1. For a protection proxy built on the mean count of beta-carbon atoms within 10 angstrom, sort 187-196, 13-22 highest first, please.
2. Using per-residue counts of other Cβ atoms within 10 Å, averaged over each peptide, order 203-213, 161-171 from highest down.
3. List the residues whose amide H sits under 5 Å from the amide H of T176, counting only those 5 or more places along or on another chain, with H placed 1.01 Å from N in the peptide plane.
4. So for the stretch 139-264: antiparallel DSSP bridges make up what percent, rounded to the nearest 5?
5. Given H placed 1.01 Å from N in the peptide plane, which residues other than close sequence neighbours of G206 have an amide H under 5 Å from its amide H?
6. Express in nm, to one decimal, how much length is gained between S205 and I19 on full extension, taking 0.36 nm for each residue of separation and deducting their alpha carbon distance.
7. Using a Förster radius of 25 Å, what is the FRET efficiency between L175 and A241 based on their Cβ-Cβ separation? Nearest 0.05, please.
Amino acid sequence: MGTFERSKKKIQLWKKALIHFSLCFVMGFFTGFAPTTSTASLFSDRSSPPAAPYHPIANIGLMPDHIEALERPPAPNRTVLLTQSAAPGNPKPYQISAAAAEDDAAEANPRRLLIAVTTTRSGGDGGRDRAALMRLASTLRLVPPPLLWIVVEEHERAPSTAEALRGTGIMYRHLTFKENFTDPGAEAEHQREVALNHIEHHRISGIVHFAAASNVYDLQFFDELRNIEVFGTWPMAMVSANRERVVVEGPICKSSKIVGWFSKDVGKVDMASAAESDDASANGSSEPTGSSSSSYTSLKIPKMRVPRFAFNSSILWDPERWGRPTTVPDTSQDSITFLQEVVLEDDTKLKGIPSDCSQIMLWQLHVPRTNPLPSNRSENGT
């Protein structure tokens, strides 16, 4: 009898413990779902005062009382500060450095991308051509970014040139072709077409200029290129070393509006004629001066020579944007011919640079190719 009562008491104790455990589990389960910020806890003291609002720590007892929390001040508004500095009676005006002002201007008006396309010649003296290419690279390195240099070259000579281009520090694209040409003019046209097809395929938006390796530039020329909207042209001097002559040709401008064209054979230029030309440029004259053997011809929209104009690359894939609707594209027509036709149709798209076309900023050097002389060893048969 005693054993039965003991087992009954044990069962009752287990029942009580199980009930207490269930109640605690249920209360904890529902308490976990209750929000902590808006609803008071079941175990909180309702008579306690509300918690004080949060304030940043000003003093924790380790520092003097007058030291307060540090906060990062907001960035100053340079426009407001400039206005306040210009106000009368301001003893200490706020001054902005020239570098900061240039950074603000660059952010407000970002520079347009310049795309310089350079063609090369197959055969001949590869070392001499590479030296001319590196000379042009030294000039392009001085041009403010963004600038993209596209170099087109035959496939066989590409590896050595690619190694040289990697050391220039210029953003470039090296394009190659495998076709063989006997005519240098046809080869140059093919290379330009390869470059323009690459620009059109990848929709590279910018101002395209055909920069020959033999060109000599005034760095201001590249700043003027960025002001072109559709087409741009400029006066250019072509210097021939073997003939000792200089030919200057280009547009005649009036406030960047083209009113005519000229081509002038200067002939041999001595120091007196060079000084006269500088004086004419300073006076704003757009006609170059030279020796008595010079000849002047006024032309109205001649056939645009490739080295003498630049254009907005978007006209290659979006001609309707520039007022030339096209229903069915002519796939047999190359890009250069297409661009020349656009210029001949409407000369109002052309802009002369600089604004009065009175300054020559591009010189094209024509250096004759000569075969290397045989060495003494080959002459002596040793």
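Any read-out appearing in this document is the output of simple, stated calculations on the displayed coordinates, not a laboratory observation. If you're wondering where the values come from, they're calculated on a predicted model, not measured in any experiment. Neighbour counts run over all protein chains shown; Cβ positions are idealised from the backbone, glycine included.
1. Working: 187-196: 19.9, 13-22: 9.9.
Result, highest mean first: 187-196, 13-22.
2. Highest-to-lowest ranking by the protection proxy: 203-213, 161-171.
3. E153
4. 65
5. S313, S314
6. On the way: separation 186, 0.36 × 186 = 66.96 nm, distance 7.83 nm.
Net length gain for the segment: 59.1 nm.
7. Values: r = 29 Å, r/R0 = 1.18.
Using R0 = 25 Å, I get an efficiency of 0.25.
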